[in-house]
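Okay, structure first, notes after.
The values are calculated or read from the model by the stated rules, or taken from the named source; none is laboratory data. Please read these numbers as outputs of a predicted model, since none were measured by experiment. Reconstructed Cβ throughout: ideal geometry from the backbone, glycine too, with neighbour counts over all protein chains shown.
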């Protein structure tokens with residue numbers, strides 16, 4: 001069988017967020033460790049789009065950086081095309097071939113582009129770094145082609161990022177990511193800073209590029225309407241863990257995990273006019289001091305004593321993978 005293009009196996013990422021040593025000694029405080037990603041496993045098949053959703057601080061962006069090698073995992077591993085892919089391996093001689101195949105589009109187009117560089121220099125950087133085109137003339141031609149692919153003009157290559165709108169800057173970011181002809185593209189909320197009309201243009205552009213080039217996406221977003229438009233499968237994260245993983249249709253039509261239902265109930269829907277909506281219980285958990293057992297149990301209307309003590313594992317139940325005692329016991 002052909003292995004999935006991208007596979008995460010038990011990924012864990014912890015950050016030491018302790019106060020300075022002297023301050024801890026004087027105040028009698030202990031070290032603090034933030035577990036941003038806590039045992040995440042999934043696979044993405046070639047040509048598919050996996051979307052990750054969840055509240056701010058649940059670990060989506062950290063997970064994205066683990067996949068492309070910007071962070072080294074504290075435990076677990078990432079496999080690309082059946083082979084291990086870690087920052088250490090990518091840094092070795094010949095690791096550039098792996099880095100070429102993985103690219104990322106960052107959330108903020110205002111911060112991810114160097115304001116001192118022209119658009120040509122920004123888009124051509126991967127071509128120079130990976131030694132794809134030695135001739136300046138060939139690089140100019142390639143940059144012009146990439147800009148045309150994302151709906152911009154070749155004359156824009158001489159301009160600077162501050163001369164463009166947010167949507168145009170994100171198109172430049174996409175052109176830069178495509179320069180090395182990657183197979184896997186991580187999109188960390190690429191449309192969250194854009195107007196709705198511009199969001200639609202960028203999303204349609206990405207769908208077109210996926211069809212033409214057979215690319216594989218990890219798409220991170222807060223906007224479930226966007227996720228419904230672009231995703232083949234959806235993973236729902238809560239405090240560093242995936243609590244539900246399902247196809248787009250299964251997740252939106254029959255959500256199983258209570259947290260997934262909470263997220264979907266928050267979508268404005270004119271069809272629910274006149275119906276009473278149950279209020280959301282509690283506040284998002286503290287990642288520095290996560291609740292015992294199921295991290296969602298303080299906010300869950302179905303929580304029992306087992307939920308407070310025993311952490312549920314992600315398991316296949318029907319056509320979805322879900323980590324919930326209430327679902328596994330048939331209570332919901």
For residue 321, all conditions in the list (1) farther than 27 Å from residue 204 by Cα; (2) at pLDDT 90 or above; (3) assigned to a helix (DSSP H, G or I) hold save one; what is the number of the exception? (3)
Could you list all residues from region 288-302 that are surrounded by fewer than 20 Cβ atoms within 10 Å (Cβ to Cβ), touching a helix residue (DSSP H, G or I) at 6+ places or on another chain (Cβ under 8 Å) and part of a loop (DSSP other than H, G, I, E, B)? 291, 292, 293, 301, 302
Please enumerate the residues belonging to region 131-176 that are more than 27 Å from the chain's Cα centre (by Cα), assigned to a helix (DSSP H, G or I) and either on the phi > 0 side of the Ramachandran plot or modelled with pLDDT under 90 (or both). none
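Do the conditions hold for residue 221, that is, is it in contact (Cβ under 8 Å) with a residue 40 or more places away in the chain and either surrounded by fewer than 21 Cβ atoms within 10 Å (Cβ to Cβ) or at positive phi (or both)?
So residue 221 does not fit the description; no.
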Could you tell me whether region 32-54 includes any residue that is surrounded by fewer than 14 Cβ atoms within 10 Å (Cβ to Cβ), in a loop (DSSP other than H, G, I, E, B) and either free of Cβ contacts under 8 Å to residues at least 24 places away in the same chain or under 14 Å from the mean Cα position of the chain (by Cα) (or both)? no
Checklist (1) within 23 Å of residue 85 (Cβ to Cβ); (2) over 18 Å from the mean Cα position of the chain (by Cα); (3) modelled with pLDDT of 90 or more; (4) surrounded by fewer than 24 Cβ atoms within 10 Å (Cβ to Cβ) applied to residue 179, failing item: (4)
Residue among 156, 195 that is touching a helix residue (DSSP H, G or I) at 6+ places or on another chain (Cβ under 8 Å), without any contact (Cβ under 8 Å) to a residue 60 or more places away in the chain, more than 30 Å from residue 5 (Cβ to Cβ) and crowded, with 20+ Cβ neighbours inside 10 Å: 156
Hey, any hits in region 193-200 for a residue that's over 30 Å from residue 312 (Cα atoms) and in contact with a strand residue (DSSP E or B) (Cβ under 8 Å, 6 or more places away or on another chain)? no
Evaluate region 115-128: report whether one residue or more is assigned to a loop (DSSP other than H, G, I, E, B) and modelled with pLDDT under 90. no
Please determine, by comparing only the residues of region 69-84 that are under 18 Å from residue 182 (Cβ atoms) and at pLDDT below 90, which one is surrounded by the most Cβ atoms within 10 Å (Cβ to Cβ). 69
